[in-house]
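Asks: The structure is given below, and queries will be raised subsequently.
The values are calculated or read from the model by the stated rules, or taken from the named source; none is laboratory data. Remember, predicted model here, so these are calculated numbers, not experimental data. Neighbour counts are summed over all protein chains in view; Cβ atoms, including those assigned to glycine, are modelled from backbone coordinates with ideal geometry.
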Amino acid sequence: MSPSIYDASRPSLVTERPSARERLARQGPAYLGDAELLAAVLGTGMKGKGVLSLAEEVLSLVEPGSQPPDAKTLCSLAGMGEAKAAAISAALELGKRLYGIRERRISSPRDLHPLIAHWADRKQERFICASLNGAHELIAIRVVSIGLVNRTVVHPREVFADPIVDRACAVIVAHNHPSGRLEPSPEDMDITKRLRKAGEVIGIDLLDHLIFDADAWLSLVERGLLAPVDPD
C-alpha cells in the first residue's frame, strides 16, 4: 500500500488541462471538457442552438446530482429528441457502471485531482466535498455550492450533511479558482479552519482542502497551511 500524504506532508504538483474538441482524434477524450464530451455524443444541435450550447444545457442537469437524468427529463430540453436523449442516458449509465468512483483509495491530492479536474473550467466557483471511508476509499464526490465569479459561500452544515449520511470517516474539500490564482484567500483559510473544527466535533476528519484551476492545483496540507490529521 502506497504511503498517504495525509499522514505526513509531501510536496507535489500536477498539471492537467482539457484540450479543444478538434484535438479529440489526436489526443483522446480525456483532454476534452465536459460540454465538449457531451457535444461529441450528441453530434448535432438544432437551428438557433449549436451542439455545444445544447451540451451545456444537458450538463446543467447532470452536474449537481449523483443520479443521471432520465430520458424524459433530457427530452424536455429544446433540441433534444428521443434518439439524442437515449444516447446521452445510455452513455451516462454505462460510464457509471464501468468507471464508478467508489472505493478508489485517496492517498494524496494526486489521486483526487483527476476526479475533480473537469470542474476547473467553470466560470463560477464550485465548492466540492469528497466523502471517504475509514480506509480513505472514496464514497462519493458532490458539489456543495456554486458561488459568484470569484467567491463561493459555504457553511459547515452543508459540507457535512451528505458525509454524515454516507457514514464517512473523513472528507477532502476542494474548490476551483476561475481567476487562475491558486493562492488561498483569507476566506479560504477561514472556512478550512471552521470545517476542521466542525469535523472534530462530529468525528469526521477534514484531511485536506484543494484549490485548483485549469492548469494546476494546490493542497493546503502540502503547502503547510493545514496540519495533516494524526493517524489513530
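Asks: Please pick out the residue among D121, D215 that is assigned to a loop (DSSP other than H, G, I, E, B), at pLDDT below 90 and over 20 Å from L59 (Cα atoms).
Replies: Being assigned to a loop (DSSP other than H, G, I, E, B), at pLDDT below 90 and over 20 Å from L59 (Cα atoms) holds for just one of D121, D215, which is D215.
Asks: Of these, D232, D205, D190, which one is over 15 Å from P109 (Cβ atoms) and at pLDDT 95 or above?
Replies: D205
Asks: Of these, E158, E125, which one is over 28 Å from D230 (Cα atoms), out of contact with any Asp or Glu (no Cβ under 7 Å at 6 or more places or on another chain) and either surrounded by 19 or more Cβ atoms within 10 Å (Cβ to Cβ) or among the acidic types (D, E) (or both)?
Replies: The unique qualifying residue is E125.
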